[in-house]
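Down below is the structure, laid out as structure tokens.
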Amino acid sequence: MKHGMVYLVGAGPGDYQLMTLKGQQYIRLADTIVYDRLADSRLLAEARPDVELIYVGKASSDHTMRQEDINQLLVDKAQEGKRVLRLKGGDPFVFGRGGEEALTLKENGIAFEIVPGVTSAIAVPAYAGIPVTHRGIAASFAVVTGHEDPTKPESTIQWNHLAKAVDTLVFLMGVENLPHITGKLMENGRCGDTPAAVIRWGTKPEQRVLVTTVAEAAEAVAKAGIKPPAIFLVGDVVRLRDELAWFDNKPLFGKRVLVTRAREQASALTSELESLGAQCIEAPAIKILPPEDEYRALDDAISELSSYQWLVFTSPNGVDRFFDRLWSKKLDSRALAGAKLAAIGVSTAARLQQQGLRADIIPMEFRAEAVVEALEPQLNAGQRILIPRAAVARDVLPQQLTKLGMHVTVAHAYRTVQGEADGAALAEQLAAGEIDIVTFTSSSTVTNLLDLLGEGGAKLVAQTLVACIGPITAETCLKHKIEPDVMAAEYTIDGLAKAILEKSKE
């Protein structure tokens with residue numbers, strides 16, 4: 001029997017961008033991914049469409065699958081000849097039980113590879129502005145489990161040595177045992193007034209930091225209601241947080257933002273907002289699909305490209321789908337040699353530039369009326385204009401160009417339909433005040449989100465800060481009695497992020 005291969009991969013401390021390149025590469029190759037609670041779901045977006053995903057839980061005191069069963073699962077899947085990736089929070093060999101999994105694989109003759117991850121023992125304090133070592137303050141640190149094997153007859157932690165011998169102590173998974181941990185430290189000589197910190201969901205936008213002392217930590221955590229996952233850090237380095245805190249000082253830190261763009265496009269806005277500290281909830285309200293005519297109108301237009309004097313692109317999606325069809329006909333940008341190009345928006349123009357083309361016209365204002373105004377001086381009566389665009393869009397542009405005596409062809413390059421977001425779950429989050437900002441990047445994101453939310457959806461959205469990419473999207477909000485609070489000055493993703501940032505400063 002030919003066995004497969006198992007990769008024991010550390011997913012890092014929480015921020016999905018701290019995943020290693022090798023780990024990301026193996027996610028893309030895996031036939032089966034076995035993952036636990038601390039692995040960010042966005043890492044799984046890198047996986048193949050046909051990948052087998054198996055969730056095994058591993059929350060504190062609430063394991064979906066016992067460790068022994070996980071070990072056997074890895075063996076069983078590898079014996080099916082599969083490439084199996086075990087995705088674990090942090091590092092597999094730092095209290096990740098990766099050693100147990102590797103030994104089981106070894107016993108069963110299964111080949112394996114270890115891919116280290118960025119351990120939370122160092123990364124989480126760093127995101128809280130606390131270095132585990134610092135010249136003149138801490139020359140040593142220790143990483144200690146805060147949750148020993150409950151089947152052991154007695155603790156193997158040598159508290160009498162640990163309490164005073166190491167400058168900085170980092171306890172992983174120790175929040176629920178704080179009374180025991182702090183008691184043992186003080187019993188063995190660690191001063192009760194030693195600075196301490198509890199950091200929950202470190203490196204993630206929902207990070208929470210509680211600065212306390214060894215003596216007061218247990219009571220302070222209980223009072224604050226802090227639950228796992230969290231680390232407990234002890235040492236004088238905690239004092240450096242006052243000067244070195246950076247992550248939770250970001251301007252949008254703690255803000256929960258709903259991103260309603262199509263899944264394949266959401267990452268651009270999410271990245272912009274998360275770089276400002278926001279916690280983004282990606283809930284695609286729309287999905288991009290081929291037009292219902294299966295590109296017949298667009299293909300017909302492409303077959304007559306030489307007869308058009310102008311091509312007008314209204315969105316990056318239109319550019320992408322147009323060139324996909326152009327390539328399918330074994331053509332490239334040379335086929336546009338006789339035509340001039342107009343683009344609504346710098347993002348659309350940038351997408352043309354990726355094809356080696358420069359837009360002849362980019363109106364100052366990114367809307368159809370401004371395109372007509374910019375085009376009019378350069379048009380001659382009777383010219384042919386092709387507009388590859390969404391199946392459902394405003395008719396202002398083709399109507400006004402027709403009034404100017406142009407022969408306009410509108411070819412559907414794509415259509416937007418309702419996305420796959422869980423409307424009921426979103427409605428619950430909005431009703432509970434768990435979303436601070438709702439972003440809309442097109443009229444279709446507005447209408448489709450409201451359809452997903454169902455009755456009363458507009459009122460729920462109106463309770464948040466509503467951010468629109470431009471005036472057309474804002475008008476659609478107003479039609480549904482939703483008053484936009486933010487509108488981008490430049491109708492782009494960058495412009496929307498900047499507008500949200502400016503609003504946060506008020």
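Here is the list for the stretch 391-486: GluC sites (Glu not before Pro) lying in DSSP coil, each with at most 15 other C-beta atoms within 10 angstrom of its C-beta, are 420, 434, 455. Determine the shape class of the stretch 1-53: with a ≥ b ≥ c the square roots of the Cα gyration tensor eigenvalues, call it rounded for a/c under 1.5, and otherwise prolate if a/b is greater than b/c, oblate otherwise. It is prolate, given that a/c is not under 1.5 and a/b is the larger ratio.
Which GluC sites (Glu not before Pro) from the stretch 245-353 combine a DSSP loop assignment with at most 14 other Cβ atoms within 10 Å?
Hits after loop and neighbour filter: 292, 294, 304.
Neighbour counts of other Cβ atoms within 10 Å put 193, 236, 485 in the fewest-to-most order 193, 236, 485. Ranked by how many other Cβ atoms sit within 10 Å of their own Cβ, fewest first, the residues 106, 255, 503 fall in the order 106, 503, 255. From its DSSP helices (H runs of at least four residues, each -39,500 (n - 2.57)), the chain gives a residue-normalised ellipticity at 222 nm of -10000 deg cm²/dmol. Cross-link partners for residue 250 among the lysines, with Cα-Cα distance under 17 Å and sequence neighbours closer than 8 places in the same chain left out: 204, 498, 503, 505. According to the calculation over all Cα-Cα pairs in the stretch 357-411, the P(r) per 10 Å bin from zero is 22, 59, 18 %. Take the alpha carbon atoms of the stretch 209-256, find their center, do the same for the stretch 413-458, and report the distance between the two centers in whole angstrom. The stretch 209-256 and the stretch 413-458 have Cα centres spaced 34 Å from each other. Applying the criteria of a DSSP loop state and at most 11 other Cβ atoms within 10 Å to the trypsin sites (Lys or Arg not before Pro) of the stretch 352-390 yields 358.
Orientation-averaged projection of the chain equals 29.1 nm² [convex hull of Cα atoms, one quarter of hull surface area].
Each principal axis of the Cα cloud of the stretch 122-249 was taken in turn, and the coordinate range along them, longest first, works out to 44, 33, 22 Å.
By its C-alpha gyration tensor, with a ≥ b ≥ c as the square roots of the eigenvalues, how is the stretch 296-417 shaped: rounded for a/c under 1.5, else prolate for a/b larger than b/c, else oblate? Here the stretch 296-417 falls in the rounded category.
Considering only 437, 275, 355, the residue lying farthest towards the positive end of the dipole of the chain is 355, judged by Cα position with unit charges set on Cβ. Need one word for the stretch 5-118: rounded, prolate or oblate. Basis is the Cα gyration tensor (sqrt eigenvalues a ≥ b ≥ c); a/c below 1.5 gives rounded, then a/b vs b/c decides. It is rounded, given that a/c, with a ≥ b ≥ c, falls under 1.5. Legend: ranking of residues 351, 86, 66 from fewest to most surrounding C-beta atoms inside 10 Å; resulting order 66, 351, 86. Axis of helix 493-504 versus longest Cα principal axis of the chain: the two differ by about 60°, to the nearest ten degrees.
Dipole check for the stretch 296-417: with +1 at the C-beta of Lys and Arg, -1 at the C-beta of Asp and Glu, and the Cα centre as origin, the magnitude is about 300 Debye. Expressed as a whole percent, the proportion of Cα-Cα pairs in the stretch 194-275 lying more than 22 Å apart is 38%. Using only alpha-carbon positions in the stretch 397-506, the gyration tensor eigenvalues give semi-axes of 29, 19, 12 Å once each is multiplied by 5 and square-rooted (largest first).
For the chain, the Cβ-based charge dipole about the Cα centre amounts to some 780 debye (Lys, Arg positive; Asp, Glu negative; other atoms uncharged).
Coordinate-derived values only; no laboratory data. Note that this is a predicted model, so its numbers are computed, not measured. As a convention, Cβ positions derive from the backbone with ideal geometry for all residues, glycine included, and neighbour counts pool all protein chains shown.
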